[in-house]
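Colleague: Below you will find the structure I want to go over with you.
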Amino acid sequence: MADQAFVTLATNDSYARGAMVLGKSLLNHNTSKKLVALIGPQVSEPCRSVLKRIYDEVKVVDVLDSGDTAHLAMMKRPDLGVTFTKLHCWTLTQYSKCVFMDADTLVLSNIDELFDREELSAAPDPGWPDCFNSGVFVFCPSMETYGKLLQYCTEHGSFDGGDQGVLNGYFSNWATADISKHLPFIYNLSSIAIYTYLPAFKKYGGNAKVVHFLGKTKPWSYTFDPKSKQVSGRAQDSTHPTFLVDWWTLYSSSVVPMMQEQYGDKPFVSGCVESVKLQVSDEVTFESGQVESSPSPPQELQPTMSSEERKQKWEQGQADYMGVDSFDNIQRKLDSFLK
Ligand code: UDP
Ligand code: MN
């Protein structure tokens, strides 16, 4: 159907890499829908070129430069920059129905059947199941809805600081009004569910159609060795390693060659590709990092956890006993207080 599309968003090169993998995963599972990527002005040229090869439409959304109601709304709520950009998906009125997918999602099988659903269909959020998770949702583009969403956003803000808070505020009867708008969890399986409800994950996880790498650490924050298919970093304790390997396998086999083509013989020096260093040996390793990556050794590029995240891990019984949370470290800390 030409008037139906999957839509994603990437405001920078890191998320652009996610969008590339997502688009590839949709194509690999033979979607019959159009693919649209909304991008921010900061996304670099090489990343745009690669996105254009995967997506039917790559649309730059510059909220700051739009001079319209979104710009005005943004002036009032500068904290909601990415959220306003995401809301732009409602302006894609050349499509009658769309499925929005976060750039940190990965499709594991054909999900075109989602287009049988109505606005606003989404899966429950694992943290608060009376809210929907806004990583995957079915919507109908409409300038009227777009205007109302912006108005809602400016008046009420977002209770969680992001788009999920705004959308749950606006589509507030989702939890109770119509069960057909509740997507099964397998359309937005967040890695968090693996340790919050392991038996259910073991029973149903194999049916997953979409994995969502929700949370601070994204697939592109890890390092990967395609030869041994090993993901390193803190992969083992936050995300199911199989899904991470799926993401990296697709990234290294399909996306990296396209980026290499963009650069020809030139070394990767800027943008998303700066963080991909192909070593001379036949063993290819990827150094993961942000655009402004520093020349520090690879182990320092691996994700570090904030105190808050560490506290959460502790409370979930997942202390890093042999590492940062080791007895020695705790004793040192206590000693420093006692002194
Ligand atoms: N996003 C983006 N740039 C950002 C942050 C977010 O483009 O700096 C987009 C991207 O599509 C991302 C989505 O907004 O997948 C939601 O953010 P994220 O996935 O990081 O939130 P989470 O799912 O972890 O709550
Ligand atoms: Mn996400």
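Colleague: Residues in segment 106-114: is at least one within 16 Å of LEU9 (Cβ to Cβ), within 16 Å of ligand 1 (Cβ to nearest atom) and either assigned to a loop (DSSP other than H, G, I, E, B) or of a type in the set (D, E, K, R) (or both)?
Modeller: Taking every residue of segment 106-114 in turn, none turns out to be within 16 Å of LEU9 (Cβ to Cβ), within 16 Å of ligand 1 (Cβ to nearest atom) and either assigned to a loop (DSSP other than H, G, I, E, B) or of a type in the set (D, E, K, R) (or both).
Colleague: Ok, one more. Which of the residues spanning segment 5-38 are part of a strand (DSSP E or B) and either more than 18 Å from HIS88 (Cα to Cα) or within 16 Å of ligand 2 (Cβ to nearest atom) (or both)?
Modeller: Answer for segment 5-38, where residues must be part of a strand (DSSP E or B) and either more than 18 Å from HIS88 (Cα to Cα) or within 16 Å of ligand 2 (Cβ to nearest atom) (or both): PHE6, VAL7, THR8, LEU9, ALA10, ALA37, LEU38.
Colleague: For the subset of segment 39-52 comprising residues that are assigned to a helix (DSSP H, G or I) and within 15 Å of VAL7 (Cα to Cα), which member is farthest from the chain's Cα centre (by Cα)?
Modeller: Out of the qualifying residues, it is LYS52.
Colleague: Here is a follow-up. Those residues that are more than 16 Å from ligand 2 (Cβ to nearest atom), surrounded by fewer than 18 Cβ atoms within 10 Å (Cβ to Cβ) and basic (Lys, Arg), I need them from segment 187-237; list them, please.
Modeller: LYS202, LYS203, LYS227, LYS229
Colleague: While we're here: Can you tell me which residue in segment 83-106 is nearest to ligand 2 (Cβ to nearest atom), limited to those that are within 19 Å of GLY23 (Cα to Cα) and of a type in the set (Phe, Trp, Tyr)?
Modeller: PHE100
Colleague: Further, regarding this structure: Any chance you could count how many residues in segment 115-139 are surrounded by 15 or more Cβ atoms within 10 Å (Cβ to Cβ) and away from ligand 1 (no atom under 16 Å from the Cβ)?
Modeller: Residues flagged as surrounded by 15 or more Cβ atoms within 10 Å (Cβ to Cβ) and away from ligand 1 (no atom under 16 Å from the Cβ) within segment 115-139 amount to 6.
Colleague: Shifting gears a bit: The conditions are (1) in contact with a helix residue (DSSP H, G or I) (Cβ under 7 Å, 6 or more places away or on another chain); (2) at pLDDT below 95; (3) within 30 Å of PHE243 (Cα to Cα); (4) in a loop (DSSP other than H, G, I, E, B), and GLY127 fails exactly one of them. Which is it?
Modeller: (1)
Colleague: Scan segment 86-97 and report the pairs whose first residue is without any contact (Cβ under 8 Å) to a residue 12 or more places away in the chain and whose second residue is surrounded by fewer than 18 Cβ atoms within 10 Å (Cβ to Cβ), with Cβ atoms within less than 7 Å and a gap of 6+ or a chain change.
Modeller: none
Colleague: Another question, then. Which condition does ASP163 not pass, out of (1) within 16 Å of ligand 2 (Cβ to nearest atom); (2) farther than 21 Å from LYS218 by Cβ, if it passes all the others?
Modeller: Evaluating ASP163 over (1) within 16 Å of ligand 2 (Cβ to nearest atom); (2) farther than 21 Å from LYS218 by Cβ leaves (2) as the failure.
Colleague: Can you go through LYS86, LYS97 and tell me which one is among the basic types (Lys, Arg) and in contact with a Cys (Cβ under 6 Å, 6 or more places away or on another chain)?
Modeller: LYS97 is the lone residue from the list that is among the basic types (Lys, Arg) and in contact with a Cys (Cβ under 6 Å, 6 or more places away or on another chain).
Colleague: Further question on the same structure: Restrict the check to segment 63-74 and report whether at least one residue is in contact with a strand residue (DSSP E or B) (Cβ under 8 Å, 6 or more places away or on another chain) and either among the hydroxyl-bearing types (Ser, Thr, Tyr) or crowded, with 22+ Cβ neighbours inside 10 Å (or both).
Modeller: No, segment 63-74 contains no residue that is in contact with a strand residue (DSSP E or B) (Cβ under 8 Å, 6 or more places away or on another chain) and either among the hydroxyl-bearing types (Ser, Thr, Tyr) or crowded, with 22+ Cβ neighbours inside 10 Å (or both).
Results for (1) away from ligand 1 (no atom under 16 Å from the Cβ); (2) in contact with a Leu (Cβ under 9 Å, 6 or more places away or on another chain); (3) under 16 Å from ASP102 (Cβ atoms), shown as yes or no for each residue.
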position	(1), (2), (3)
GLN4	yes, no, no
VAL7	no, yes, yes
SER14	no, no, yes
SER32	yes, no, no
GLY40	no, yes, yes
ASP56	yes, yes, no
VAL61	no, yes, yes
ASP65	yes, no, no
LEU72	yes, yes, no
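Colleague: hydroxyl-bearing (Ser, Thr, Tyr) and within 30 Å of VAL245 (Cα to Cα), is that true of THR91?
Modeller: Criteria not met by THR91.
Here's the yes/no breakdown for (1) within 16 Å of ligand 1 (Cβ to nearest atom); (2) assigned to a loop (DSSP other than H, G, I, E, B); (3) touching a residue at least 24 places away in the same chain (Cβ under 8 Å); (4) touching a Phe, Trp or Tyr at 6+ places or on another chain (Cβ under 8 Å):
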residue: SER172; (1), (2), (3), (4): no, yes, no, no
residue: THR176; (1), (2), (3), (4): no, no, no, no
residue: ILE186; (1), (2), (3), (4): no, no, yes, yes
residue: ILE194; (1), (2), (3), (4): yes, no, yes, yes
residue: PRO199; (1), (2), (3), (4): no, no, no, no
residue: GLY206; (1), (2), (3), (4): no, no, no, no
residue: LEU214; (1), (2), (3), (4): yes, yes, yes, no
residue: THR217; (1), (2), (3), (4): yes, yes, yes, no
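Colleague: Does ASP102 fit the bill of being of a type outside the set (Phe, Trp, Tyr), within 16 Å of ligand 1 (Cβ to nearest atom) and in contact with a Cys (Cβ under 6 Å, 6 or more places away or on another chain)?
Modeller: No, not satisfied.
Colleague: Can you tell me how many residues within segment 140-186 are of a type in the set (D, E, K, R) and surrounded by 14 or more Cβ atoms within 10 Å (Cβ to Cβ)?
Modeller: Total satisfying the criteria: 3.
The values are calculated or read from the model by the stated rules, or taken from the named source; none is laboratory data. Just so you know, these numbers come straight off a predicted model, no measurement behind them. Positions of Cβ are generated from backbone atoms using ideal geometry, with glycine treated the same way; all protein chains shown enter the neighbour counts.
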